[in-house]
There are 2 protein chains.
Amino acid sequence: MSTPSTTPAYDALAAHHGRLHRLDHLAAVAHWDQAANMPPKAAEARGAALAEMAALLHRLRTDPALAEQLRRAGDEPLDDAQRANLREMQRAYRLATALPESLVQRAQLAASRSEHAWRTQRAANDWAGFLPNLREMVAIAREEAAHLADRSGLARYDALMDRFEPGMTSTEIDRVFGDLRRWLPSLVQRVLDRQSREPLHTPAGPFPVDAQRRLCERTMRLLGFDFGAGRLDVSAHPFCGGVPEDVRMTTRFAEHDFLGSLLGTIHETGHGRYEQNLPRDWLGQPLAQARSMAIHESQSLAFEMQLGAHPGFVRQLAPLLAEAFGDQAAFEPGNLQRLMTRVKPGLIRVDADEVTYPAHVIVRYEIERALIEGEIEADDIPALWDAKMMELLGVDTRGNYRDGPMQDVHWPEGLFGYFPCYTLGAMYAAQWFAAMRRVLPALDARIAEGDLRPVFDWLHENVWSQGSRWPTDELARRASGEPLNPAHFRAHLEARYLG
Amino acid sequence: MSTPSTTPAYDALAAHHGRLHRLDHLAAVAHWDQAANMPPKAAEARGAALAEMAALLHRLRTDPALAEQLRRAGDEPLDDAQRANLREMQRAYRLATALPESLVQRAQLAASRSEHAWRTQRAANDWAGFLPNLREMVAIAREEAAHLADRSGLARYDALMDRFEPGMTSTEIDRVFGDLRRWLPSLVQRVLDRQSREPLHTPAGPFPVDAQRRLCERTMRLLGFDFGAGRLDVSAHPFCGGVPEDVRMTTRFAEHDFLGSLLGTIHETGHGRYEQNLPRDWLGQPLAQARSMAIHESQSLAFEMQLGAHPGFVRQLAPLLAEAFGDQAAFEPGNLQRLMTRVKPGLIRVDADEVTYPAHVIVRYEIERALIEGEIEADDIPALWDAKMMELLGVDTRGNYRDGPMQDVHWPEGLFGYFPCYTLGAMYAAQWFAAMRRVLPALDARIAEGDLRPVFDWLHENVWSQGSRWPTDELARRASGEPLNPAHFRAHLEARYLG
């Protein structure tokens with residue numbers, strides 16, 4: 001006879017989350033397939049199948065029986081890890097049940113309609129056509145924020161942000177971004193002055209797609225990606241999907257440019273290794289999930305920016321490029337390094353270098369926070385956009401909605417509160433490397449020798465293997481001795497671009 | 001105000017089947033992905049995810065509320081198509097509920113264990129190791145047969161066969177295969193005599209995989225496959241999966257042989273076009289499903305055998321081969337035709353030509369029917385196998401279990417009752433072409449001119465678009481004026497191989 005469990009409610013919850021994980025697996029594969037493989041005429045059937053699964057998962061996640069189980073599990077003799085897992089279960093239940101079913105459905109329909117229309121409206125620079133949809137998305141997001149704020153006691157914008165970055169507040173963002181705002185424009189100017197005097201060879205194409213694919217796969221291997229538990233494929237919009245046991249990365253190739261797919265692949269490899277190395281013993285449980293979106297971005301940016309553009313790493317990349325595309329002066333390590341760290345204020349966030357990128361995020365954050373808090377309306381966006389882009393980056397965006405406030409898919413989809421994660425991720429990435437250098441002063445020499453293990457070991461021990469064991473602040477403190485500290489990001493930019 | 005439905009029970013059932021169809025979609029994509037893409041370390045997680053979905057679907061299919069809805073729907077004012085749909089719903093419910101849950105689980109576990117062990121046992125020619133597992137699979141199949149027979153009133157083997165080929169009985173199979181048994185061995189002998197005097201050029205390889213892939217895709221286009229609603233990929237064991245809206249065919253390539261992948265692709269294209277052309281207005285309902293496995297095989301064999309080895313079609317294929325692999329005497333249409341219709345009694349069913357193939361099926365049918373009816377035991381199989389293979393094909397199989405009774409995955413997986421469908425399919429395919437020739441005497445001339453439309457139009461009108469509208473006999477009668485008539489198959493073989 002087996003002993004009865006002393007934690008029956010917790011066990012039931014764990015079984016429930018295991019089931020969600022297994023069903024999520026099928027949805028993840030179908031989502032990846034939709035982007036990477038699906039023939040066009042299957043779109044309607046796939047959409048219906050995914051919607052059916054989303055409804056099923058929502059019913060499971062909001063099962064009223066969970067409330068009582070969560071309450072009882074809190075009184076059971078759990079160990080620390082189980083207690084952390086329970087904390088994340090509670091959070092998942094709170095988020096799943098915070099919004100009325102009717103609002104969830106209305107938001108989904110509106111987002112899908114708005115996103116679909118936006119594709120053509122953006123191409124046509126049709127702000128007037130887009131505006132009614134955007135107004136509706138803002139109205140819905142405000143409703144969602146009100147519900148989430150009621151439940152959590154947070155400010156409205158903070159309640160939206162909390163879905164992606166638990167515990168982060170706009171007070172904290174204001175502190176961090178406010179600092180950034182003060183020194184970034186002059187830093188950009190100094191970098192531009194300096195780079196304008198540097199010689200630069202541009203690589204000569206075309207760069208055959210097969211050679212690019214092999215180069216990306218070699219680079220992923222160099223970066224430790226496990227092809228036994230993941231793949232690289234092609235999709236129109238690169239992403240890192242799948243499940244921790246089967247990570248599906250995508251990229252896209254253009255014959256005239258190899259740097260886009262290479263840097264994108266390095267970026268997604270950071271996401272991919274995080275997923276592949278989440279704590280295996282806890283797989284399927286909330287504890288085994290990535291901590292937050294800022295921490296996720298801190299991994300992709302640790303790979304793309306901290307490591308990918310590191311002169312030591314670039315020296316290893318250079319011969320691979322020559323092998324893939326033939327010898328060129330552009331592939332000489334010094335030139336390649338200048339190429340990969342070229343700063344140029346521009347209109348488009350996703351094309352931005354690491355120095356100007358935060359400016360794009362600040363513009364969006366300031367606008368969307370004010371929108372959600374009801375301080376401005378959708379109609380006010382273009383004027384604010386123009387002013388802020390001129391102030392922070394010195395670029396003129398007037399009349400160009402397409403490459404202005406219509407460029408990102410976030411707002412047409414109602415995804416307010418996500419943008420700050422990108423820059424928080426860049427800051428955490430710099431903080432992680434600063435912490436590594438404190439532990440291992442020879443870090444840069446080791447990277448230059450082609451030994452990336454110290455980087456991976458540190459990330460594995462301090463971030464990947466921790467999953468959602470700790471709140472983000474605590475994770476950062478344990479990993480680096482302090483909570484988020486943007487000084488490391490500034491120091492990184494100054495060292496790399498002005499040092 | 002909307003009028004209340006006069007068919008509320010039927011409507012609820014239709015909604016239920018729509019839901020099953022959407023969830024099946026996700027399972028189908030994940031199954032295909034497992035075979036075509038999945039990295040090895042994901043196997044366990046994928047298996048668990050698919051098992052979770054299988055359990056969920058089983059619960060939905062056996063929902064006790066369905067019994068009452070099915071009963072009430074029978075009294076509702078349905079039109080003929082709805083009534084046919086209800087008939088198929090009843091059949092699906094009967095099959096899903098016929099077996100006790102515990103037996104379903106025991107069968108799944110045993111099948112998975114037995115199939116896994118079989119892979120190495122087969123390679124090692126280890127009959128003694130395989131035998132205990134086979135005994136268990138037979139015992140389980142007998143239990144399943146007893147339950148299914150109880151429910152349906154059929155004989156036990158017939159009850160198993162009914163899962164794949166509704167309405168088919170062993171009395172009918174005995175009649176059809178008994179006839180075949182009498183004339184096949186002497187026909188094989190006459191064909192061998194005749195072919196031994198024919199000159200034959202063998203194609204010289206290697207045949208680059210990229211060229212083979214392009215050739216297969218061109219051939220699929222020639223055969224009308226819609227790449228807007230399907231794909232061709234690579235897997236270890238070729239199959240046609242996915243869903244009607246998104247057909248996923250697979251093949252495998254070997255550098256030294258192009259004919260295997262080409263013929264396999266033509267075969268799967270037959271399955272694929274059937275799926276792609278099932279009645280769209282009914283998609284998701286049982287009525288829109290393929291009629292049966294014999295009818296499904298009749299489509300793949302109509303493509304591979306009737307059309308694929310048709311001298312008129314071979315003449316169109318010949319220049320594509322020369323384009324893919326360079327000019328060779330082997331690709332001259334007459335030689336290619338001889339190559340594609342070469343008869344050679346052998347050990348392996350899946351490698352067999354269309355003349356000797358039925359002998360392989362007869363051997364399996366006679367053995368598995370006697371096994372299920374309790375007339376023989378698993379231990380008796382090798383002696384029976386040796387005797388029947390010598391009698392029907394003149395080949396010596398003694399001591400070679402690997403290429404004998406251990407060669408197919410069906411028995412290790414407990415799949416008894418399927419084998420007859422292959423030869424029934426070949427017979428139906430011959431019957432369809434005989435019917436086409438009655439309607440259109442110029443059919444062969446049209447094919448020789450490269451116009452395949454009459455073939456596709458006939459299959460579309462008489463088979464594809466009919467889905468499961470009619471019981472198989474009625475489908476055959478409407479399509480060809482008579483139920484299954486094996487005389488057409490004999491006439492086809494005699495005309496092609498002795499004419």
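Criterion applied to A:115, A:68 was being more than 21 Å from residue A:283 (Cα to Cα), under 24 Å from the mean Cα position of the chain (by Cα), outside the structural domain of residue A:290 (by TED's automatic domain parsing) and not hydroxyl-bearing (Ser, Thr, Tyr), and the one residue passing it is A:115. Residues in the range B:308-357 that are hydroxyl-bearing (Ser, Thr, Tyr) and outside any loop (DSSP other than H, G, I, E, B): B:357 only.
To keep it simple, each residue is scored yes or no on (1) farther than 18 Å from residue B:299 by Cβ; (2) touching a strand residue (DSSP E or B) at 6+ places or on another chain (Cβ under 8 Å); (3) at pLDDT 95 or above; (4) not small (Gly, Ala, Ser).
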position: B:424; (1), (2), (3), (4): no, no, yes, yes
position: B:433; (1), (2), (3), (4): no, no, yes, yes
position: B:460; (1), (2), (3), (4): no, no, yes, yes
position: B:468; (1), (2), (3), (4): no, no, yes, no
position: B:496; (1), (2), (3), (4): yes, no, yes, yes
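Only helices (runs of 4 or more DSSP H) whose full extent lies in the range A:1-96 are considered here, and the ones with at least 3 residues that are surrounded by fewer than 19 Cβ atoms within 10 Å (Cβ to Cβ) and within 14 Å of chain B (Cβ to nearest Cβ) are A:8-36, A:43-61. When the range B:368-413 is filtered for residues that are surrounded by fewer than 20 Cβ atoms within 10 Å (Cβ to Cβ), part of a helix (DSSP H, G or I) and not aliphatic (A, V, I, L, M), the ones remaining, listed by number, are B:379, B:380, B:382, B:386, B:388, B:391.
Selection over the range B:214-250 of residues that are surrounded by 17 or more Cβ atoms within 10 Å (Cβ to Cβ), away from chain A (no Cβ under 14 Å) and either aromatic (Phe, Trp, Tyr) or under 18 Å from the mean Cα position of the chain (by Cα) (or both) gives a count of 3. Restricting the first member to the range B:39-54 and to residues that are more than 15 Å from residue A:230 (Cβ to Cβ), and the second to residues that are of a type in the set (Lys, Arg) and modelled with pLDDT of 95 or more, the beta-carbon pairs closer than 9 Å and six or more apart or on different chains are B:48/A:22; B:49/A:22; B:50/A:22; B:51/A:22; B:52/A:19; B:52/A:22; B:53/A:22.
For residue B:351, the conditions (1) touching a Gly at 6+ places or on another chain (Cβ under 8 Å); (2) modelled with pLDDT under 95 all hold with the exception of (1). Taken over the range A:121-135, the residue count meeting the criterion of being in contact with a helix residue (DSSP H, G or I) (Cβ under 7 Å, 6 or more places away or on another chain) and polar (S, T, N, Q) is 2.
Within the range A:184-213, the residues that satisfy the criterion of being of a type in the set (S, T, N, Q) and either surrounded by 12 or more Cβ atoms within 10 Å (Cβ to Cβ) or not assigned by TED's automatic domain parsing to the domain that holds residue A:363 (or both) are A:189, A:195, A:212. Does residue B:30 count as under 17 Å from residue B:71 (Cβ atoms), at pLDDT 95 or above and of a type in the set (A, V, I, L, M, F, W, C)? So residue B:30 fails the test. Per the conditions (1) farther than 20 Å from residue A:34 by Cβ; (2) out of contact with any Lys or Arg (no Cβ under 8 Å at 6 or more places or on another chain); (3) away from chain B (no Cβ under 14 Å); (4) not hydrophobic (A, V, I, L, M, F, W, C), the sole criterion not satisfied by residue A:276 is (3). Candidates are the residues of the range B:151-172 that are closer than 21 Å to residue B:485 by Cβ and of a type in the set (D, E, K, R); the one that is nearest to the chain's Cα centre (by Cα) is B:165. Every listed requirement among (1) part of a helix (DSSP H, G or I); (2) touching a helix residue (DSSP H, G or I) at 6+ places or on another chain (Cβ under 8 Å); (3) away from chain B (no Cβ under 13 Å); (4) surrounded by fewer than 22 Cβ atoms within 10 Å (Cβ to Cβ) is met by residue A:290 save one, (1). Screening the range B:130-244 for helices (runs of 4 or more DSSP H) wholly inside it with 1 or more residues that are closer than 16 Å to residue B:371 by Cα and of a type outside the set (Gly, Ala, Ser) returns the ranges B:156-161, B:170-196. Tell me whether the range A:145-154 contains one or more residues that are under 26 Å from residue A:402 (Cα atoms) and surrounded by 13 or more Cβ atoms within 10 Å (Cβ to Cβ). No, every residue in the range A:145-154 fails to be under 26 Å from residue A:402 (Cα atoms) and surrounded by 13 or more Cβ atoms within 10 Å (Cβ to Cβ). Per the conditions (1) under 20 Å from residue A:166 (Cα atoms); (2) polar (S, T, N, Q); (3) assigned to a loop (DSSP other than H, G, I, E, B), the sole criterion not satisfied by residue A:423 is (3).
Here are some conditions: (1) out of contact with any helix residue (DSSP H, G or I) (no Cβ under 6 Å at 6 or more places or on another chain); (2) surrounded by fewer than 20 Cβ atoms within 10 Å (Cβ to Cβ). Residue B:161 meets all but one. Which one does it not meet? Answer for residue B:161: the failing condition is (2). The selection criterion, being touching a helix residue (DSSP H, G or I) at 6+ places or on another chain (Cβ under 8 Å), over 30 Å from residue A:453 (Cβ atoms) and aliphatic (A, V, I, L, M), does not hold for residue A:322. Screening residue A:32 with (1) under 20 Å from residue B:48 (Cβ atoms); (2) over 27 Å from the mean Cα position of the chain (by Cα); (3) of a type in the set (Phe, Trp, Tyr) gives one miss only, at (2).
Residues that are part of a loop (DSSP other than H, G, I, E, B) and either among the basic types (Lys, Arg) or buried (at least 23 other Cβ atoms within 10 Å of the Cβ) (or both) within the range B:251-276 comprise B:252, B:258, listed in sequence order. The sole residue among A:167, A:153 that is free of Cβ contacts under 8 Å to residues at least 40 places away in the same chain and on the phi > 0 side of the Ramachandran plot is A:153. Taking the conditions (1) under 30 Å from residue A:282 (Cβ atoms); (2) free of Cβ contacts under 8 Å to residues at least 12 places away in the same chain in turn, residue A:196 satisfies each one other than (1). Applying a threshold of 7 Å to beta carbon distances and a minimum spacing of six or more residues, or different chains, the list of pairs starting in the range A:225-236 at a residue that is more than 15 Å from residue A:212 (Cα to Cα) and ending at one that is outside any strand (DSSP E or B) and acidic (Asp, Glu) reads A:229/A:245.
The values are calculated or read from the model by the stated rules, or taken from the named source; none is laboratory data. Keep in mind that this is a model prediction, so the values were computed, not measured. Positions of Cβ are generated from backbone atoms using ideal geometry, with glycine treated the same way; all protein chains shown enter the neighbour counts.
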